[in-house]
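Structure record follows, encoded as structure tokens.
Bear in mind that the values in this text are calculations on the coordinates, not laboratory data. Please read all numbers here as calculations on a predicted model, not as lab measurements. Here the Cβ is made from the backbone with ideal geometry for all residues, glycine too, and neighbour counts use every protein chain on show.
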Amino acid sequence: MTTVTIDHLTPLQKTLLITLNGRVLDANRKRPLLDDAKAVELARGIDYDHSTVRLGAGVPEAVAIRSRMLDRAVTAFVHRHRDAVVVELGCGLETRHWRLTASEPEPWRDVDWYDVDFPEVIALRETLMDEADRGHSVGVSLLDSTWTDTIPGDRPAVILSDGVLGFLSEDDNRRVLRRITDHFATGELVFNAYTRLTARMNGRFTQVVGMPHDFRGYGISDPEDVTALNPALTFIDEQFGDAAPERDKLNLAYRLLARLFAGWRGQARRGVWVVRYRF
Ligand SMILES: C[S@@+](CC[C@H](N)C(=O)[O-])C[C@H]1O[C@@H](n2cnc3c(N)ncnc32)[C@H](O)[C@@H]1O
């Protein structure tokens, strides 16, 4: 099998290996939560010692559960808006488009899907994966205001971010959120959020791919911190991994913890925390 090297990627770009390996470890479990066979195939296609991407206890489960939560949010949006555009910010080697359209093709017939990431990551994606029907790649940094130029702004849009906004500074988040509401007429933004405390530990979790161990990500205390960055966003709801249906497939210790934390919002926000806004 031919494999591709990724030595040219920056540590920030290589963080895609963390979520990819989370999905691979999940797929190899006896009772997978996400069961993403394509992630296994993609990881095999990369010439990299994946065993160096060590993930902490519970991280593969968290990656799988938040993927499912975001999958549900985008699917619900597409059921309501059959002419939607889906925009995945910092897509890395995420396989969501493939996963969702494979499981239920009908509602996706007229939906266009845009995957946005750095040009090097999009080139890697294009080497490893075939473009799905109505799939479009956008190889540009989110910090470059032209990233929306090729994406229709006049259709209902659901903007997704899985493990991305936490890597941008507060100012950069403000710029990206503004770009979204300036360009797209109407839609939803849904992403996994980090508390300020969790975000402070970002470097500790990502140093396995070369990020500085003291790197601090962007975190929030409350969903309204995001609307303060961009008042054109209206908070809809927050969801916690501890209350997600997948928790019933966890081992006993995690199940008990999930039940405990599900009723304790401050603690639940430190786990898998998905927030949703309308604009
Ligand atoms: C932790 S990975 C998550 C990847 C993917 N969302 C997933 O769940 O597998 C973070 C991704 O964000 C991308 N990213 C970070 N900053 C970015 C920026 N300014 N513009 C575009 N992509 C960015 C990285 O290249 C990387 O692919």
* Built amide H within the under 5 Å cut-off of T195, gap 5+ -> I220
* **For T148, T127, T181, order by how many other beta-carbon atoms lie within 10 Å, fewest first** => T127, T181, T148
* Calculated [θ] (222 nm, deg cm²/dmol) that DSSP helices of n ≥ 4 give over the chain, each run adding -39,500 (n - 2.57) -> -11000 deg cm²/dmol
* Once you treat every alpha carbon in region 65-187 as an equal point and sum by Debye, what is log10 I(q)/I(0) at q = 0.16, 0.17, 0.19 Å⁻¹? -> -0.75, -0.85, -1.09
* Structure fact -> Under 5 Å from the placed amide H of I46, counting only residues 5+ away or on other chains, we find V4
* Separation between the V4 and D49 pseudo-spin-labels, each 7 Å from Cα along Cα→Cβ, expressed in nm? -> 2.3 nm
* How high is the relative contact order of region 11-278, in percent, with contacts defined as C-alpha pairs under 8 Å that are six or more residues apart? -> 18 percent
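Mind checking the full-extension length gain between D237 and L256? Use 0.36 nm per residue of separation minus the Cα-Cα distance, one decimal, nm. Numbers along the way, then the final one.
On the way: separation 19, 0.36 × 19 = 6.84 nm, distance 2.44 nm.
Using 0.36 nm per residue and subtracting the Cα-Cα distance, I get 4.4 nm.
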* To do: For R134 and K249, compute 0.36 nm times the residue count separating them, minus their Cα-Cα distance, and round to one decimal in nm.
  => 38.1 nm
* **For the chain: span of alpha carbons on each principal axis (Å, largest first)** => 48, 45, 40
* **Cα-centre dipole for the chain with unit charges at Cβ (Lys and Arg positive, Asp and Glu negative), debye to 20** => 1220 debye
